[in-house]
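Student: Sharing a structure with you now.
The values are calculated or read from the model by the stated rules, or taken from the named source; none is laboratory data. In this text the structure is predicted, and so the values were computed from the model without any measurement. Cβ atoms come from the backbone with ideal geometry, glycine included; neighbour counts cover every protein chain shown.
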Amino acid sequence: MRFLLPAILWLFLGCSFATAQVNISGQWKGSITQEKGGYRPTYDFEMFLSQKGSTLKGRSYVFVDNIFAVIELSGEVSGNNISIREFRIVDSKKTKDLEWCIKTYKLTYSKSGNTRQLSGSWTGHTNGTPCIPGKIILTRQISRA
């Protein structure tokens with residue numbers, strides 16, 4: 001009986017640590033790439049994310065030359081794995097022959113020193129037609145006091 005309480009406490013704490021997840025709220029900067037055949041091979045890219053529990057919401061900003069798109073997004077965090085889905089273009093400037101992709105991202109969170117990174121792949125569509133997919137790498141610096 002006297003070993004039961006420590007065993008229950010160990011089990012409870014062990015489960016709590018196992019389900020802990022990162023908080024990725026904030027501004028992330030980097031680039032997305034698009035495989036051969038896309039409008040450009042590389043685009044500048046930013047995400048502004050707000051996380052509550054495992055739920056994400058925010059906006060993505062994609063820009064190259066003098067064109068850009070601002071797109072609302074939502075997602076979910078599960079440990080170091082992040083799923084994000086864009087759903088609405090809220091502002092954009094583009095050329096006549098360009099349609100912006102509404103993208104879905106499968107990302108992994110990692111850290112090294114003061115740098116945090118989100119990296120992975122994306123797929124997307126424009127008006128129901130698949131876009132040429134690519135990769136994404138975003139970083140966020142953590143300032144030290």
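Student: Is it true that some residue in region 134-141 is modelled with pLDDT under 95 and under 15 Å from F45 (Cβ atoms)? If you could, list the steps in order and put the result at the bottom.
Tutor: Step one: of region 134-141, the residues modelled with pLDDT under 95 are 140-141.
Next, only the ones that are under 15 Å from F45 (Cβ atoms) stay: 140.
There is at least one residue in region 134-141 that is modelled with pLDDT under 95 and under 15 Å from F45 (Cβ atoms).
Student: Right, here's the next one. Within region 34-70, count every residue that is in contact with a Phe, Trp or Tyr (Cβ under 8 Å, 6 or more places away or on another chain), β-branched (V, I, T) and touching a residue at least 24 places away in the same chain (Cβ under 8 Å).
Tutor: 2
Student: Same structure, new question: When K96 is evaluated against the numbered criteria (1) part of a strand (DSSP E or B); (2) over 19 Å from R59 (Cα atoms); (3) of a type in the set (D, E, K, R), which criterion, by number, is the only one it fails?
Tutor: (1)
Student: Quick check, is R140 within 17 Å of V62 (Cα to Cα), assigned to a strand (DSSP E or B) and not polar (S, T, N, Q)?
Tutor: It is true that R140 is within 17 Å of V62 (Cα to Cα), assigned to a strand (DSSP E or B) and not polar (S, T, N, Q).
Student: Considering only region 68-97, state which residues are β-branched (V, I, T) and either at pLDDT 95 or above or crowded, with 17+ Cβ neighbours inside 10 Å (or both). Explain how you work it out, then say what you get.
Tutor: Looking only at region 68-97, we keep the residues that are β-branched (V, I, T), and these are 70-71, 77, 82, 84, 89-90, 95.
Once the filter is applied, which keeps residues that are β-branched (V, I, T) and either at pLDDT 95 or above or crowded, with 17+ Cβ neighbours inside 10 Å (or both), region 68-97 yields V70, I71, V77, I82, I84, I89, V90.
Student: Kindly indicate whether T126 is polar (S, T, N, Q) and more than 15 Å from W28 (Cβ to Cβ). Even if it seems obvious, please write down each step before you answer.
Tutor: Working: polar (S, T, N, Q): yes; more than 15 Å from W28 (Cβ to Cβ): yes.
Against the criterion (polar (S, T, N, Q) and more than 15 Å from W28 (Cβ to Cβ)), T126 qualifies.
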